[in-house]
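Asks: One structure is given below, represented as structure tokens, and several questions about it will come after.
Each value in this text was obtained by applying a stated rule to the coordinates, not by laboratory testing. Remember, it's a predicted structure, so these values are computed and weren't measured experimentally. So basically every Cβ, Gly included, is an ideal-geometry build from the backbone, and we count neighbours across all protein chains shown.
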Amino acid sequence: MLVVSLTGGIASGKSTTSRLFSGSPYNIPLIDLDVLAREVVEPNDASKTLKKLVDHFGAEAILNEDGTLNRAALGRLIFGKEQEQNRKVANKYIHSAVRKRTAWLVMKYWLTGTPVVIIDTPLAVEAGLWKFCGEMILVYCPAEQQLERMIKRDSDKGLTREDAENRLNSQLALEKKISYADVVLDNADNAKSTLEQQVKEVVERWETQHNRGLGKVRTLVQWLIPPVGLIMALYATWARTSRVSKRLREEKQKERSQ
């Protein structure tokens, strides 16, 4: 099974892209980590993530009157340069719970013989999840376009330009994520038809790799003999991580020499 990380940034077009992959005609299983992140902070969630956040930040600071998480209040505590330490604490609790839940879902798809599953997350690089996937897809557009799209989309919700800049700055710039990606989908023109064509090409490549010739045999063996499948998956992940790490080292050396 190929585990694909789909990432991007705020207002980059990642959500549109995820719908293209998971909707008709492809219907590829998709694990949305934003959805999981909302689930794990529910008051009765088994992960007890909300309790950990309350213990650190205080109930008055982040809870609504009904005991649910006040997301806007937490956002004010973690977005912005001066809130970096708060963001690290919140991410530690939330990311830990999300990673565990993601692992269980991936295992479920593997046991049912699913050839490809997509993990949709804006923080694949920041949270280190790029190390645990067989392929990473980045939805890219220039930072200024991200900012303008965000303001246009959320200004009626009270989002100011300063708020938008703080949220954008809380994530690693898309330009810096390119080095981690195997595939970059260009959404600079913000045209759905352009994304549709790029997604089509990616899916066709997956189908060729998994459903034809040796790829089909390999997929069948991985499912019928789980230990073999696990070893092959671990090797593929290790090989990709090593390849990306080497690329990052070379880029750093190049920057230092300039």
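Asks: Explain nothing, just the number: dipole magnitude of the chain about its Cα centre with +1 on each Lys and Arg Cβ and -1 on each Asp and Glu Cβ, in debye rounded to the nearest 20.
Replies: My answer is approximately 980 debye.
Asks: For segment 146-217, which trypsin sites (Lys or Arg not before Pro) pass both filters: DSSP loop (anything but H, G, I, E, B) and at most 13 other C-beta atoms within 10 Å?
Replies: Hits after loop and neighbour filter: ARG212.
Asks: With a cap of 12 neighbouring Cβ atoms within 10 Å, and only residues DSSP puts in a loop, list the GluC sites (Glu not before Pro) found in segment 64-123.
Replies: In loop regions of segment 64-123 (DSSP not H, G, I, E or B), the sparsely surrounded GluC sites (Glu not before Pro) are GLU65.
Asks: In terms of Cα to Cα distance under 18 Å, which aspartates and glutamates are near enough to LYS254, apart from those fewer than 8 places away along the same chain?
Replies: Of all the aspartates and glutamates, those that pass the test against LYS254 - Cα under 18 Å, at least 8 places apart if same chain - are GLU175.
Asks: What is the distance, in nm, between label points placed 7 Å from the Cα along the Cα-to-Cβ direction at SER193 and at TYR26?
Replies: Label at SER193, label at TYR26, 1.9 nm between them.
Asks: Now for a different question. Counting only the backbone N, which residues of segment 156-174 are under 12 Å from the spot 7 Å out from the Cα of GLU255 toward its beta-carbon?
Replies: 173
Asks: Continuing with the same structure: Once Lys and Arg get +1 and Asp and Glu get -1 on their Cβ, which of ALA37, THR68, THR102 lies farthest toward the positive end of the dipole of segment 33-113?
Replies: The Cα lying farthest towards the positive end belongs to THR102.
Asks: What list do you get for THR112, THR17, THR49 if you sort them by fewest beta carbons within 10 Å?
Replies: THR112, THR49, THR17
Asks: Rounded to whole Å, give me the distance from the Cα center of segment 179-196 to that of segment 38-114.
Replies: If you average the Cα positions of each part, the centres end up 29 Å apart.
Asks: Go ahead and estimate [θ] at 222 nm for the chain from helices alone: -39,500 (n - 2.57) per DSSP H run with n ≥ 4, summed, over the residue count, rounded to 500.
Replies: -19000 deg cm²/dmol
Asks: Could you tell me which of the pairs LYS48/LYS88; LYS14/LYS131; LYS14/LYS51; LYS88/LYS131; LYS88/LYS176; LYS100/LYS177 are separated by over 22 angstrom between their Cα atoms in the structure shown?
Replies: Pairs exceeding 22 Å: LYS14/LYS51; LYS100/LYS177.
Asks: Could you work out which residue, out of GLN197, GLN171, GLN222, moves most in a Gaussian network model of the chain, that is, has the largest mean-square fluctuation with Cα springs under 10 Å?
Replies: Of GLN197, GLN171, GLN222, the Gaussian network model singles out GLN197 as fluctuating most.
Asks: Quick one: angle between helix 213-224 and the longest Cα principal axis of the chain, in degrees between 0 and 90, rounded to 10, please.
Replies: 70
Asks: FRET efficiency for MET232 and HIS56, Cβ-Cβ distance as r, R0 = 41 Å, nearest 0.05?
Replies: Plugging the Cβ-Cβ distance into 1/(1 + (r/R0)^6) gives 0.50.
Asks: Then there is this: So how much slack lies between ALA103 and ASN169, counting 0.36 nm per residue of separation and subtracting their Cα-Cα distance, in nm?
Replies: 20.9 nm
Asks: Using only Cα atoms, tell me the angle between helix 226-257 and the longest principal axis of the chain; keep it within 0 to 90° and round to the nearest 10.
Replies: In the chain, helix 226-257 runs at an angle near 60 degrees to the longest axis.
Asks: Here's another thing I want to ask about it. Starting from segment 1-101, pick out the trypsin sites (Lys or Arg not before Pro) whose DSSP state is loop and whose Cβ has at most 12 other Cβ atoms within 10 Å.
Replies: For trypsin sites (Lys or Arg not before Pro) across segment 1-101 that sit outside H, G, I, E and B with at most 12 neighbouring Cβ atoms in 10 Å, the list is empty.
Asks: To the nearest 20 debye, what charge dipole does segment 33-113 have about its Cα centre, counting +1 at the Cβ of each Lys and Arg and -1 at the Cβ of each Asp and Glu?
Replies: With Lys and Arg at +1 and Asp and Glu at -1, about 440 debye.
Asks: Could I ask something else about it? Label GLU204 and ARG76 with points 7 Å out from Cα along Cα→Cβ: what is the distance between them in nm?
Replies: Taking the simple label geometry, GLU204 and ARG76 are separated by 5.1 nm.
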